[in-house]
1. Looking at the structure I just gave you, is Val323 assigned to a helix (DSSP H, G or I), hydrophobic (A, V, I, L, M, F, W, C) and more than 21 Å from the chain's Cα centre (by Cα)?
2. Under 7 Å between Cβ atoms, which residue pairs at least 6 apart in sequence (or on different chains) link something in region 337-359 that is free of Cβ contacts under 8 Å to residues at least 24 places away in the same chain with a partner that is surrounded by 15 or more Cβ atoms within 10 Å (Cβ to Cβ)?
3. When Leu204 is evaluated against the numbered criteria (1) within 19 Å of the chain's Cα centre (by Cα); (2) closer than 30 Å to Ile8 by Cα; (3) of a type outside the set (Gly, Ala, Ser), which criterion, by number, is the only one it fails?
4. Restricting to region 133-177, what's the tally of residues that are in a strand (DSSP E or B), of a type in the set (Phe, Trp, Tyr) and either assigned by TED's automatic domain parsing to the domain that holds Gln28 or touching a His at 6+ places or on another chain (Cβ under 8 Å) (or both)?
5. Checking the conditions here, which among Ala132, Ala142 is in contact (Cβ under 8 Å) with a residue 40 or more places away in the chain, crowded, with 19+ Cβ neighbours inside 10 Å and not aromatic (Phe, Trp, Tyr)?
6. All but one of (1) within 19 Å of Phe38 (Cβ to Cβ); (2) hydroxyl-bearing (Ser, Thr, Tyr); (3) not in a helix (DSSP H, G or I) hold for Ser188; state the number of the condition that does not hold.
7. Can you pull out every residue in region 295-316 that is in a helix (DSSP H, G or I), over 18 Å from the mean Cα position of the chain (by Cα) and β-branched (Val, Ile, Thr)?
8. Identify, from the list Ile40, Ile19, the residue that is crowded, with 16+ Cβ neighbours inside 10 Å and farther than 26 Å from Asn98 by Cα.
Amino acid sequence: MLLDDENIQLIRDKQQDSIQAKTLVSDQLDLIYTKKWFNIWVPKIYNGLDLPFDQGLKLLEELAYHDGGLAWTVTLCSGANMFVGFIDPQMAKTLFSNPKVCFGGSGRANGKAIWTGEHYIISGKWSFATGAPHLTHFTLNAPIFDGDKARVDEEGNPIVLSFFVPREQVLIHYDWNTFGLECTASHSFSLENAVVKEEQAFVLSPHLRKFDSPLYRIPFLPFAELTLLVNYLGMYRRFLDLAEKQFFEKSKDAYWSMQYSKIRFKTIDQLQQELNEFNLFVDINSKKLWELVQKAEISSADPYLTEITEESRRIAKSIRMHVAEIVPLLGIQAAQIEEEVNIVFRNLFTASQHSLLNAR
């Protein structure tokens, strides 16, 4: 167990508070800062935990089991804090001397970044910045312009850079109003002619890393896929446990027990066994990936990474389908919005809208 009983109790006690507040509450944030969970992937020299890849994934999965909304926020924010390995080391050291530093933003290229010869002028709007109320810096991707002319590569494709900007330059649009993952507060944000220094631009590519750690040799796509997948797995594990508990309650009724008990518990058992296989996939591949990057960089075109993408999406789809099949069997009690099984259901299906593991 990666979390002690006191941590677990606090996480569970504050889940409903954060849903109502539509953001993580102070007790949750204090725990995260104390445990350095936003800095799972940050080097120790920058005050991070610097966890091996497989150990970090295990922590995220366990957090997701106890509170999917908190875990999703930790996953996205720690994933953004991972960008520390791609920015100027001196700037990174200064920024991460703040124990509450928290990056987060959007991975979709939007807006416009105009290079003046001295700095960038950035304008635009970006969606879904998880943890917006407590972010210290917002991250974004934007196409580069030299004056009115778009900058392109040798093949004529627009050149896009990533940036991080302090929250003081950002306007948050409080537009996150979903039926699940409410506490992630994944609001939109915008910039209007913001002056951004050259050193606040970076490229999230292993060969352009500024800190030589095995973690920063992992191409970002499989890193993101596996960190999101363990959230699905943690929430799904909790869902199956709660569904099983609901069936135990129903089995107290003699008629239900006679008619449905055997098939319902058999179904749950089969799904739990399949879940073990899903977890094994993550365990094997996270360790394999970690072993590979300890030796050398991996090309983003490596066929092995395509296998991770395809299997991660298949697993996520299976989870969505199984949850949709089980929910109607749980009864009207499971439709009550304050019931934990309903919360987990809503979190899972809100998470399913993330494009990365939602194969269309």
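The values are calculated or read from the model by the stated rules, or taken from the named source; none is laboratory data. Treat the numbers as computed from the prediction; the structure is a model and nothing was measured. We place every Cβ from the backbone using ideal geometry, glycine too, and count neighbours over all the protein chains shown.
1. Details: assigned to a helix (DSSP H, G or I): yes; hydrophobic (A, V, I, L, M, F, W, C): yes; more than 21 Å from the chain's Cα centre (by Cα): no.
When the stated conditions are applied, Val323 does not pass them.
2. Pairs found: Asn342/Ala334.
3. Single failed check for Leu204: (2).
4. So the count comes out to 1.
5. Values: Ala142 fails: in contact (Cβ under 8 Å) with a residue 40 or more places away in the chain.
Only one candidate qualifies: Ala132.
6. (1)
7. Thr306
8. Working: Ile40 fails: farther than 26 Å from Asn98 by Cα.
After ruling out the rest, the residue left standing is Ile19.
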